[in-house]
Each structure stands twice: as structure tokens, then as C-alpha cells.
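Below you'll find the structure, written out as C-alpha cells, and then a few comments.
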Amino acid sequence: MDMTTGAILRRITQTPLSVAAHKLATVILDGIAWKDGYNGLARGTAAFTLAHLAEKMGVSRQHLTALLSELAQSGLRLTRWKPNGKFAPWLFRFSGPEDDPISPDAVSATGDTSLSMESKNKTIFAGRIEIDAHANVYDTTWAELIRAAKTSLACWNVDTQAIWDRFVVFNKARGNAAVPAGFLLGFMRKWRTSASAGTRSFADAIPRPVLDQAEQELHRLIAAAPSKNREFHASDLRRLIGQTAYDARVLDVIRQFGCPRFAANLAVHGQAVMAGEISR
């Protein structure tokens with residue numbers, strides 16, 4: 001039988017718990033996703049860091065651990081796990097004992113399932129993303145989706161703009177002018193933290209891609225390229241050095257880095273910016 005907000009809330013009120021444990025259970029319930037993909041979570045799952053939970057509860061981490069144990073041993077059978085690395089949030093789920101099925105009168109009516117019925121509550125990556133259209137993610141419709149989806153992913157503590165910048169560079173280097181919006185969610189899901197993150201400070205735990213020296217240089221040149229009005233900058237550079245010289249520079253970059261022509265064009269523009277030939 002499908003669980004809903006009302007069903008779990010009724011079980012919470014029917015389960016013998018301390019007052020603080022009741023409050024903690026409702027806090028976790030408030031963060032549960034009832035639609036796959038909502039906030040990047042699987043259905044029936046909530047995501048919190050222990051620090052965030054302790055802050056919302058107004059208790060110490062030690063007291064919070066005791067309350068979580070109480071919920072785990074109670075009839076709510078709260079389970080938690082951390083699949084995305086040391087610095088990622090914990091995932092929580094209420095399971096309930098298998099030999100104690102929820103009675104029919106504990107099932108919520110359809111009016112209680114608005115979270116899964118209203119599209120405004122879903123994290124949906126639909127449409128296409130124009131890679132070179134906006135340098136600032138907050139000028140796009142993707143900023144709020146990134147913020148919502150990263151909640152339960154390994155990049156949960158990475159700035160939204162930083163995720164967008166890395167995604168743009170990643171696609172520019174591969175010659176992608178536009179990609180399906182789902183690529184952005186897939187990019188975030190594959191985010192990896194450094195293996196040595198445990199020895200670094202929390203603020204330094206932002207992951208970096210593993211690139212060889214040539215890739216690093218190519219990305220450096222692409223990052224220097226103008227992010228808007230690319231064709232205008234290309235025209236300016238062609239007028240300055242001529243079409244033949246422009247094509248020669250592009251071919252040199254392709255030979256040097258083995259990259260697609262689109263990425264080579266951007267790298268040539270970045271070289272020109274760094275040499276003061278065109279402005280950014």
C-alpha cells in the first residue's frame with residue numbers, strides 16, 4: 001500500500017515517542033519527496049545533514065543521535081543511509097513494520113497527495129539548454145532547478161553558479177552548442193568528491209575533475225573566451241587577422257588538443273582575449 005503524508009503523520013501520532021522524537025519525525029516528514037525526481041530524491045525519501053536537523057530541532061548533535069535511535073527502534077522504523085560521500089546529506093525513510101500493515105482508515109484521501117500531483121512541486125529538467133546563451137545561471141530558468149536537485153546529491157554544498165560554470169565548460173570542450181536539459185541533472189548526479197576529502201576542510205571539499213595538462217590548458221583558453229555574442233567576436237577577430245589566419249589558428253588548436261571545431265573556435269577566441277586582440 002502506498003504511503004502518503006497523512007498516513008505517516010497518523011502513524012507518528014499513534015506511535016509512543018518522546019515529545020522531541022515526535023517533533024523530529026514531523027520535521028523529517030516535511031522533507032519527504034512523494035514524486036521521483038522531486039528535489040532529486042527517490043519517492044518516500046528525505047535528505048538532511050545532521051547539522052541542519054540539529055539546528056531545526058534546537059538540540060545538540062548528541063541529543064539528535066539519541067532521537068534518531070529512538071525513531072529507528074520505534075514502530076516508525078526510521079532508516080538512514082549516506083550514498084553520496086562523507087560530506088553529502090543523509091537520506092531518511094520511514095518504513096514501518098511489515099507485520100503491522102497500515103489500516104485502511106490511515107490512508108490519505110486524494111486531497112493529501114497534492115505534492116505528487118502538482119507539477120510546481122516537481123524537479124523536472126525538460127527542454128534544451130543553450131550552452132553559450134547565459135554566463136550567469138540566475139539569468140536562466142535552471143538556477144532554481146539546480147538548487148532543488150542538488151539537495152541529495154554529492155554536489156549539495158557546491159554553489160549553484162559553480163555547478164553551472166562547470167557544466168558549461170564541460171559542454172563547450174565537447175563542442176556542444178545545445179543539449180537536452182536532462183544532461184544537466186545527469187552531470188550533477190555524476191559529481192564526485194576528491195578521495196582525500198576527509199583530510200580537507202569543509203570549505204575545500206568542492207570536487208574538481210581529473211584532467212590532464214592538455215585538457216587543463218584547453219579549458220583555460222575556453223574559459224577566457226567571450227561567453228556572449230560569440231559570432232560578433234569571431235567577426236572582429238577575422239577582420240583583425242584575416243580569414244586565412246583565423247582558420248589556421250583553429251586548425252592548430254584542433255591538432256594540438258584533438259578537440260572538436262566548436263571548442264577550437266572558443267579556444268582561439270580565448271587566446272585572442274588573453275593577447276589583447278579582442279575584448280571580452
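The values are calculated or read from the model by the stated rules, or taken from the named source; none is laboratory data. This structure is a prediction, so every number in the text was calculated from the model and none was measured. Don't worry about glycine lacking a Cβ; one is built from the backbone with ideal geometry, like all the others, and counts go over all protein chains shown. Just so you know, the surface numbers come from the protein's heavy atoms only, side chains and all, with ligands and any DNA or RNA stripped out. Shrake-Rupley method; radii C 1.70, N 1.55, O 1.52, S 1.80 Å.
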Of all residues being closer than 12 Å to I28 by Cα and open to solvent by less than 60 Å² (accessible area, probe 1.4 Å) in the stretch 48-62, which is farthest from the chain's Cα centre (by Cα)? Just the residue, please. M57
Among the residues in the stretch 136-143, are any open to solvent by less than 30 Å² (accessible area, probe 1.4 Å), within 25 Å of L24 (Cα to Cα) and modelled with pLDDT of 80 or more? no
Would you check if there is a residue in the stretch 96-106 being modelled with pLDDT of 85 or more and either part of a strand (DSSP E or B) or not polar (S, T, N, Q) (or both)? no
Which of the residues spanning the stretch 146-164 are touching a residue at least 24 places away in the same chain (Cβ under 8 Å) and either in a helix (DSSP H, G or I) or aromatic (F, W, Y) (or both)? I146, A148, A149, K150, T151, S152, W156, Q161, A162, I163, W164
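Results for (1) open to solvent by less than 40 Å² (accessible area, probe 1.4 Å); (2) at positive phi; (3) hydrophobic (A, V, I, L, M, F, W, C); (4) modelled with pLDDT of 70 or more, shown as yes or no for each residue.
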{"site": "G127", "(1), (2), (3), (4)": "no, yes, no, yes"}
{"site": "V158", "(1), (2), (3), (4)": "yes, no, yes, yes"}
{"site": "A178", "(1), (2), (3), (4)": "yes, no, yes, yes"}
{"site": "G198", "(1), (2), (3), (4)": "no, no, no, no"}
Which of (1) within 30 Å of L251 (Cβ to Cβ); (2) open to solvent by less than 70 Å² (accessible area, probe 1.4 Å); (3) modelled with pLDDT under 85 is the odd one out, the single condition G182 does not satisfy? (1)
Picking from S194, S152, the residue that is modelled with pLDDT under 75, closer than 28 Å to E217 by Cβ and surrounded by 14 or more Cβ atoms within 10 Å (Cβ to Cβ) would be S194
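Yes/no per residue for (1) of a type in the set (D, E, K, R); (2) modelled with pLDDT under 80:
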| position | (1), (2) |
| --- | --- |
| D165 | yes, no |
| G186 | no, no |
| D212 | yes, yes |
| S227 | no, yes |
| L237 | no, no |
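I need the full set of residues from the stretch 225-249 which are closer than 17 Å to N176 by Cα and not in a loop (DSSP other than H, G, I, E, B), in order please.
Listed by number, the residues that qualify are R230, E231.
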Residues of the stretch 152-176 classified as polar (S, T, N, Q) and touching a Lys or Arg at 6+ places or on another chain (Cβ under 8 Å), total: 1
Filter the stretch 254-280 for residues that are in a helix (DSSP H, G or I) and over 29 Å from D139 (Cβ atoms); the one that is nearest to the chain's Cα centre (by Cα) is F257
